[in-house]
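What follows is calculated from the coordinates using simple rules that are stated; it is not laboratory data. Keep in mind that this is a model prediction, so the values were computed, not measured. Don't worry about glycine lacking a Cβ; one is built from the backbone with ideal geometry, like all the others, and counts go over all protein chains shown.
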Amino acid sequence: MNQELKNKVRPLPRNAIRQMEQKANELVAELGGQFRAFAGGALAEIDRLMAAPCYDDREWRERLSALAHELKGLGGTFGYDLMTIVADSMCRSINDQTVAADDDLQRQLEASVPALKAIMQFDLKGDGGSHGRELLATLQLTESENRVPTNSFLDWTAN
Amino acid sequence: MRAQDMNNHDGGAGGWRSVPSARGKVYSRRLPTLDLSALRIFVVDDNEFTLTLVKRLLTAMRISDISICSDPVRALVEIARVKPHIVLTDLEMPGKHGLDLVNEIRTGKAGIREDAAILVASAYADREQVMQTSNAGANWMLAKPLSFRRLYEGLVRVTLDDRPFIRADGYIGPCRRVHMTPPEQLVAKRRKSDFV
């Protein structure tokens, strides 16, 4: 298969990547409004779930985890890197086996909700500047520790 | 255009910059610029919004033969019908896990070649998950959030993946003992065989 696959690709002028990326940025930017609506809906449901926390309830945890997972997976694509960092922290907290008995984890989860709302409300993109740093400090998260991995088997298994 | 031009990405404006990896080591991101328009891609993700996003990113890469599916159970039937060159799948999905889909493709249950290129994309991309994905026989894994460059890199890597394909008890997939050759080196090999 691989040779067959290789035969299907051809070299392009090197500036083509810039053109394609520019086009991609335009196409993704068009989805910005839809993303904000999607994230708003997810946040509303997270808010509803966190209003009556049931840390012992597996279904409740899975639903919360799924919502945070979606925000983590999409936030960075639309420039909301902080959303990805905070949602990643939420995912790890809710999926921690000890969350039902760990007050610190529960407090972390509770604090994440207003943080996510603030990111949307104040449109904190990228690192969010001083507001972003303040927000991460409040949550006791640091960007370097929580940076989404760059990728791939190579990066993580090469050493 | 000469094939050696593919190697001339200089990392300048619009080029691929070196970025620190998760362990702080610097890996080259200088990838060849390839025309991927002849590829047929099948995307499986339970999130419709993600499907829309990925379709747009692929369209920007000039790929027009794109099939999407939000139901991982139905995906198997659709893959058999579409016969894609590359399958891009999410992991955590209701009804079927992405790794089960990888396993079905590798064991010939998907109606396409067992050695079809498989790219996995997930927001759950910790070390353990990466190893599980590798052991399931996928060619490559992408950490969400997806971007144009991240997806493009993944597609180039699986397209140029030159690792031997292994069929052994308990494992079917690209050889895990061999690290994938960096794409820029693969392009140098191709200069002799494919583009002269």
**Study point:** Subset of B:109/B:144; A:6/B:144; A:8/A:72 violating a 31 Å alpha-carbon distance limit
**Key:** A:8/A:72
Revision key, fill the gap. For segment B:118-133, Karplus-derived ³J(HN,Hα) couplings (6.51, -1.76, 1.60; θ = phi - 60°; whole Hz; x for glycine and proline) come out as 10, 10, 10, 10, 8, 7, 8, 10, 7, 4, 4, 5, 4, 5, 4, 5
Exercise for review: Step through the residues of segment A:77-90 one at a time and calculate ³J(HN,Hα) from phi using the Karplus curve (6.51 cos²θ - 1.76 cosθ + 1.60, θ = phi - 60°), rounding each to whole Hz and writing x for Gly and Pro.
Suggested key: 4, 9, x, 8, 4, 5, 4, 4, 5, 5, 5, 5, 4, 4
**Study point:** Peptides ranked, highest mean first, by Cβ atoms within 10 Å: ranges B:120-130, B:136-146, A:118-128
**Key:** B:136-146, B:120-130, A:118-128
Practice item. Just check chain A against the gyration tensor rule for me: Cα atoms, a ≥ b ≥ c as the square roots of the eigenvalues, rounded for a/c under 1.5, and otherwise prolate or oblate depending on whether a/b exceeds b/c. Key: prolate
**Study point:** Table column - 3J(HN,Hα) (Hz), segment B:158-175, Karplus curve with 6.51, -1.76, 1.60, x for Gly and Pro
**Key:** 6, 5, 9, 4, 9, 6, x, 8, 9, 10, 10, 4, x, 8, 10, x, x, 4
Check your understanding: If you put +1 on each Lys and Arg Cβ and -1 on each Asp and Glu Cβ, how big is the dipole of chain A around its Cα centre, in Debye rounded to 20?
Key -> 900
Review point. What are the residues whose amide H is under 5 Å from the amide H of residue B:35, where those residues sit 5 or more places off or on another chain and H is modelled from the backbone?
Key: A:10, A:12
Point to revise | Spatially proximal aspartates and glutamates relative to residue A:125 (Cα-Cα < 13 Å; intrachain offsets below 8 disregarded) | key: A:81
Practice item. Quick one: which residues, 5 or more positions from residue B:68 or on another chain, have an amide H under 5 Å from its amide H? H modelled 1.01 Å from N in the peptide plane, none for Pro or chain starts. Key: B:43
Revision key, fill the gap. The answer for GluC sites (Glu not before Pro) in segment A:4-102 that fall in a DSSP coil and have at most 14 neighbouring Cβ atoms within 10 Å is A:30
Check your understanding: Picking from A:132, A:12, A:64, whose Cα lies most toward the positive end of the charge dipole for chain A (charges on Cβ: Lys, Arg +1; Asp, Glu -1)?
Key -> A:12
Check your understanding: Can you give the mean number of other chain Cβ atoms that lie within 10 Å of the Cβ atoms in peptide B:43-56?
Key -> 3
